[in-house]
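In what follows, a structure is listed as structure tokens, so that the remarks can point back to it.
The values are calculated or read from the model by the stated rules, or taken from the named source; none is laboratory data. As the structure is a prediction and not an experimental result, all values here were calculated from the model. Here the Cβ positions follow ideal geometry from the backbone for every residue, glycine too, while neighbour counts run over all protein chains shown. Surface areas here come from the heavy atoms of the whole protein model, side chains and all, with no ligands, DNA or RNA. Shrake-Rupley method; radii C 1.70, N 1.55, O 1.52, S 1.80 Å.
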Amino acid sequence: MWCAIDLCLLVVSGFALAAGLARRASRLEIAALTLCIGPGVIGFCLLLFSMLGLRPNRIEILILSAALAAAGIAVWKTSRFEVEQNSGAARIPSWWIVICCCAIGYGFISIAVDALYYPIVEWDAFAIWQLKAQVLAIFPLHPLPSYFTDLALSYSHLRYPLLAPMISAQMHAMTGRIDDLGKTVSLLFYPGMCLAVFAAVRRVTGSFAALTVTALLACAEPICRYGSTGTAELPLTAFYACSLLCMLRWRENRQIGYLVLTAILSGWMAWTKNEGLALAAINAVVIALSGPKELRRQSLAAAAGFAAVVAIIYLPWIIFSWGLPRSDEDYAGRFASLQLLHSFGRLGRIFLGIGQGLIDWENWGIFWIILVMLAIVERRQFRNPRAAFIGTLLLLHLLAYIPAFMVTNWNLDELFGVTIDRLLMHAAPAAAILMGFLWPAWAGRTNATG
Amino acid sequence: MIVSIGTCIGYDIDRLFILKKPGRLAETYPVVDGWMTYAATPTRGVFLKFDGFNKADAGYAQNIYFRGVFVLFPRPLLVSDPHARINNGYDLLKNNWYPSDPWLAEQGVGSVLTVQMDRDRNLPITEALRWLGR
């Protein structure tokens, strides 16, 4: 019962921030942001409290949720939601709606089965993420628990960021038990991610494209497989999907609230996985480059403001993790040692590995092949700034993996075998949104916002 | 689109409901979980000794250790001197020793569980459990 209450509290907690900053967003957009921001804001606040010496507990979470709910009520009273445009919904054949809803519904069932029925069995979950959740549930971060300096536990990556484990730990605190329910938060992240992609595409190319790309994304095998195993993959993907939605809205209306939301979500991405820091940096670069030349100065100022908010959010982690032992992977240290310059021989194998990942039938069906085909056939759509914006983001996202593969101490074949599906999963929301933006007119594209 | 959706759902149904991969994994780990909870006390942890494991068996040792740490936490599960850096099964087998019984007691350990490789079945089995101070 406490698990269900906690999930409801997380939803309520996310509303204030989502509706308060995303002014005049549609109800769909607010729903998407609320579902993902709720766990993020509670998890982040609990991390800060934990750094002050308070480990997560039920009272603390109830008070925090009540405060956020009160703020949400105040925001609700002053909110004006955008009237949703009926962007060609009537043109979607009903059989296609059924197929897409089945795909999305199946994805949710798959996630729910993993979350509620199976225990924690994913290797990364029990060796890394859920072990950290136990640490956070039992000990505050101040004074520093011995876990973080125990070299015998180096395999669990002592310096990995802690937001996803804290989201699980708060569930442990609410239920009063350290058990497998820590992964049930994926029941919020998964629909949040799907709604973010749907809302982003629907605004631009209409419901047909939005429903189709959401269905393609929702049932992708890596998302179903890793979605609720207790790892940090889905939280990162969901935060990223919401940050894309907010960035697109900011590009459209230049309202500062969307930029702040993008920065907050990007900061949380960095708190979720180290890869999230690279994605936040890419977001900053693309924000700086976005907009026409006459708005370039505004874009640069926006990127600087974005970077400042991300830095403020990330600073506590830099202070906390300073001096903690690094694992044998230690990518940051390898970049610093210029090992990158000696690894150009690996480039061919890296491109081959990423290419093989993209066409892996068992993982993705023809998801990425459809995207490549659309990009070729509908290449003129890249003249649309929105498509160019997301296309640049996706390209930079995929390129960002290359340096890590160049300096890794792993055998590349082994590493691709265990990581490429997850890395592509993180990029999948951008791919799905791009697919929607490239949607051809003959297939039901409606230029919803012109 | 239908091909892609159908393929993805097909493979996931295979994973989740036909091959039942999470379920099969869930059947194997309770064995290790059971060893750990039996060997530990409510307040004291375990030292795990791997007997007859060679390099090819490092994966088994690694899985047992990582799972055991998760199951026993916050009670300690030691496999070496805590100053040894353990990133994988090879590190573990290389450093799998302890200074003395009193030292183990100081670390909060209450027993030493020895796991052996059963060469006939090529599977790890528990060989002995020794309680400290008894």
## Note on the structure
When every residue in region B:81-116 that is of a type in the set (Val, Ile, Thr) and part of a strand (DSSP E or B) is compared, the one nearest to the chain's Cα centre (by Cα) is B:VAL115
### Message
With the structure loaded, tell me whether A:PHE208 is more than 14 Å from every other protein chain (Cβ to nearest Cβ), part of a helix (DSSP H, G or I), touching a residue at least 40 places away in the same chain (Cβ under 8 Å) and open to solvent by 10 Å² or more (accessible area, probe 1.4 Å) or whether it fails that test.
### Response
no
### Message
Checking the condition in contact (Cβ under 8 Å) with a residue 40 or more places away in the chain, open to solvent by less than 10 Å² (accessible area, probe 1.4 Å), among the small types (Gly, Ala, Ser) and within 24 Å of A:LEU195 (Cβ to Cβ), which residue from A:ALA69, A:ALA19, A:ALA31 passes?
### Response
A:ALA19
#### Entry: Qualifying positions in region A:123-138 - open to solvent by 10 Å² or more (accessible area, probe 1.4 Å), facing chain B (nearest Cβ under 8 Å) and in contact (Cβ under 8 Å) with a residue 24 or more places away in the chain
A:GLN134, A:ILE138
### Message
Name the residue that is nearest to the other protein chains (Cβ to nearest Cβ), counting only residues in region A:152-187 that are in contact with a Pro (Cβ under 6 Å, 6 or more places away or on another chain) and assigned to a helix (DSSP H, G or I).
### Response
A:ALA152
### Message
Can you confirm whether A:ILE264 is part of a loop (DSSP other than H, G, I, E, B) and either touching a helix residue (DSSP H, G or I) at 6+ places or on another chain (Cβ under 6 Å) or away from chain B (no Cβ under 14 Å) (or both)?
### Response
no
### Summary
Exception for A:TYR118 within (1) within 13 Å of A:GLY230 (Cβ to Cβ); (2) at pLDDT below 95; (3) in a helix (DSSP H, G or I) falls at (3)
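With the requirement that a residue be within 14 Å of chain B (Cβ to nearest Cβ), open to solvent by 30 Å² or more (accessible area, probe 1.4 Å) and either in contact with an Asp or Glu (Cβ under 9 Å, 6 or more places away or on another chain) or of a type in the set (S, T, N, Q) (or both), what does region A:349-407 give you? It would help to see each step written out before you state the result.
Going through region A:349-407, the residues within 14 Å of chain B (Cβ to nearest Cβ) turn out to be A:358-374.
With the extra rule that they be open to solvent by 30 Å² or more (accessible area, probe 1.4 Å), the set shrinks to A:358-362, A:366, A:369, A:372-373.
Passing the criteria: A:ASP360, A:GLU362.
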